[in-house]
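J.: Have a look at this one.
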Amino acid sequence: MADAQTRPRVLLADDDLEMRQLVRRALGPLGCEILEAKNGEEALETVIVEQPDAVVLDVMMPVLNGWEILKYIRGKPTLAHIKVLMLTGVGKTVNELTAPLYGADAYLDKPFDLDEVREVVAGFLKDAGGDED
């Protein structure tokens, strides 16, 4: 978890490089350390090893999907502090049903507004004790 000595950390997990780059730029003003994963296996490993403060998680990824990763995170008390924003193109209705069911803190449907992503993550970091100023 972030404390006064460290910058908060956010994991961007998406198999689309362009999407990761867009979200990275959107989160830049928050001053957080950004970790990246290009598939579900990398995302899960990064969550376990790095324990970021927040995860921006795509649903449809190779190896493990976002729902599987979220289910793992929510099943481990040591990872309970991690806030998760699900980003998906599976459709608004499916997202409305599945994101809360699996324990997502927030979700946005693709295409989404990058300002909205930044606002959601900024709220996560504030809740985690991070300082986005």
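The values are calculated or read from the model by the stated rules, or taken from the named source; none is laboratory data. This structure is a prediction, so every number in the text was calculated from the model and none was measured. In this analysis, Cβ positions are derived from the backbone assuming ideal geometry, glycine residues included, and neighbour counts consider all displayed protein chains.
J.: Tell me which residues, restricted to region 102-112, are under 18 Å from Asp127 (Cα atoms) and either buried (at least 17 other Cβ atoms within 10 Å of the Cβ) or without any contact (Cβ under 8 Å) to a residue 12 or more places away in the chain (or both).
T.: Residues satisfying the conditions are Ala104, Asp105, Ala106, Tyr107.
J.: Just wondering, is there one or more residues in region 88-101 that are in a helix (DSSP H, G or I) and either at pLDDT 95 or above or touching a Cys at 6+ places or on another chain (Cβ under 6 Å) (or both)?
T.: no
J.: When you scan region 30-39, do you find a residue that is touching a helix residue (DSSP H, G or I) at 6+ places or on another chain (Cβ under 7 Å) and assigned to a helix (DSSP H, G or I), even just one?
T.: yes
J.: While we're here: If Gln51 satisfies all but one of (1) at positive phi; (2) at pLDDT below 95, what's the number of the condition it fails?
T.: Unmet for Gln51, out of (1) at positive phi; (2) at pLDDT below 95: (2).
J.: Criterion first (without any contact (Cβ under 8 Å) to a residue 40 or more places away in the chain, aliphatic (A, V, I, L, M), surrounded by 14 or more Cβ atoms within 10 Å (Cβ to Cβ) and in contact with a Phe, Trp or Tyr (Cβ under 6 Å, 6 or more places away or on another chain)) does Leu79 satisfy it?
T.: For Leu79, the condition - without any contact (Cβ under 8 Å) to a residue 40 or more places away in the chain, aliphatic (A, V, I, L, M), surrounded by 14 or more Cβ atoms within 10 Å (Cβ to Cβ) and in contact with a Phe, Trp or Tyr (Cβ under 6 Å, 6 or more places away or on another chain) - is not met.
J.: Scan region 113-133 residue by residue and report those that are under 18 Å from Met19 (Cβ atoms) and either at pLDDT below 90 or crowded, with 18+ Cβ neighbours inside 10 Å (or both).
T.: Val117, Arg118, Val120, Val121
J.: Ok, one more. Being hydrophobic (A, V, I, L, M, F, W, C), part of a helix (DSSP H, G or I) and at pLDDT 95 or above is the filter here; which residues of region 8-25 pass it?
T.: Listed by number, the residues that qualify are Leu17, Leu22, Val23.
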